[in-house]
Amino acid sequence: MPSSLRRATVLLRPLGNRELRALWSSDWISDVGNFITAIALAVYINNLTGTVTGVGLVLALHSVPWFTIGPFAGVLVDRLDRRSVMIATCLCRAALVSVLPFTRAAWQVYALSFAVALFGPLFRPARSAFLAQVASERQLVPALAVMETTHQVLHMVGPAIGGAAVLLVGARHAFFIDAASFVIAAAFLTTIPSRGKPTGERGTTMNDLRAGLRAIGRARAVRTYALLNAGLSLGFAGVEAVLVVYVRDVLGRPAGQFGLVLSVAGLGTVVTSLLIAARDDRHPRTPWAIASVTGVALFALAWFEPSFLLLMPIAFAAGLADSGAGIPMSATIAEELRDEMRGRATSVVDGLYEVTSAVGALVFAWLAEPSRLGPPKAMAASALAGAGLGAAALLIGGVTSIAGHERRRLAARPTAG
């Protein structure tokens, strides 16, 4: 127990810093709004179009900026004032989201949704870089832990909040809540002094981007985790795109309740995150990568049309995929790559993740139409495809590269300690 209390104290210590507390508050408030819009958007576009493909398309549009402008955005952010980038993107997204309730046609929703998504690839790398500027060297790792733990907790409760918002005020009016969250997040950011533009030598945008790609190519463990996450994201994105229709049409429950299923998946993510954090000092991460593949594969049981109650443990196991592969990948990028390469490398990895998410959402939403496979079989096919790609990433030389990194990491721990 004393050891657990010490860990909790270390985890919460960064929140004693006013600037870190403001950055953390901005982060989780905007995250809550994002979850509300994610649920509301799926329900709203399905009501407008009456098709599963419509849901898949709107989810895919959110992914497009990450693999088109995303890698270049990471380079751009390294040349601008990170705080100003974050404030500007928050306010722009607030303005765009607040227009969504006034749409009447599906194409208007698609256009606005895509416009909102354009600011994501700017905000995320700016937030990561600004956190490193705000936190001191000793505070950085605890601050990252606070941010990650909060994000994972919101993966658990965020979809439930989104589902509740849709049930209480309706999908159309739920967008106003997200718009307000962006404004509040920007207000918190204005309380943190600017750190100015980064200094240092700059090459051309393409040269900087190529350097990031080469860094990923040389770091085999990073490359393996990137491919593993990409494969799993394809499977889970397909499941998520079909889930709202499965809950409503196959199980006969209110559409907003699919947010509860995602909340249980988030609970699996939180539990996995805590276990990884507790064991990471002295244990390898490879088993978590294998468990993440298994977790996504379990959604193949959707073929047998499980009830809403049986869907819960399946979703909990699928939550392993986010933390079981995501957290080790983030840690490995920090351990394997030099500081000046991490932003660009992260942008490239995020872009790969998002392009497979877009493919998964579109393809399996299209397959879920009643005239094709239907929702249950499409969900099962999506799970098997994602798990199969993840397993292939681990089997084709991937496990050995991860194991080699793990041996070096664990061997260095006593010296570092």
Counting pairwise Cα distances across the range 157-243, what percent come out greater than 20 angstrom? 69 percent
Note, residue 43: beta-carbon cut-off 10 Å, +1 each Lys/Arg, -1 each Asp/Glu, net +2
Output wanted: per-residue J couplings in Hz (rounded whole) for the range 362-378, from phi through Karplus 6.51 cos²θ - 1.76 cosθ + 1.60, θ = phi - 60°, x for Gly and Pro. 6, 5, 7, 5, 5, 5, 7, 4, x, 6, 10, 7, x, x, x, 6, 5
The range 74-124: trypsin sites (Lys or Arg not before Pro) in DSSP coil with no more than 16 other Cβ atoms inside 10 Å: 79, 104
Output the relative contact order of the chain, whole-number percent, from Cα pairs under 8 angstrom with separation of 6+ residues. 27 percent
Please pull out the direction-averaged projected area of the chain, using the convex hull of its alpha-carbon atoms, in nm² to one decimal place. 19.6 nm²
Classify the range 227-282 as rounded, prolate or oblate from the Cα gyration tensor: take a ≥ b ≥ c as the square roots of its eigenvalues, call it rounded if a/c is under 1.5, otherwise prolate when a/b beats b/c and oblate if not. oblate
Computed on Cα atoms only, the convex hull of the range 281-386 has an orientation-averaged projected area in nm² of 7.9 nm²
Cβ under 10 Å from residue 116's Cβ, residue 116 left aside: what net charge do those residues give with Lys, Arg +1 and Asp, Glu -1? 0
Alpha-carbon Rg/Rh ratio, for the range 13-105, with Rh computed the Kirkwood way: 1.05
So what are the ³J(HN,Hα) numbers for the range 28-34, from phi and the Karplus equation (6.51, -1.76, 1.60; θ = phi - 60°), rounded to whole Hz, Gly and Pro as x? 6, 5, 5, 4, 4, x, 4
The range 22-161: equivalent-ellipsoid semi-axes (sqrt of 5 x gyration tensor eigenvalues, Cα, Å): 29, 18, 12
Env charge @ residue 133, Cβ radius under 9 Å, K,R +1 / D,E -1, value +3
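Every number in this text was worked out from the coordinates using simple rules, so none of it is lab data. Because the structure is predicted, anything quoted here is derived from the model rather than measured. Every residue, glycine among them, receives a Cβ derived from its backbone with ideal geometry; neighbour counts consider all protein chains shown.
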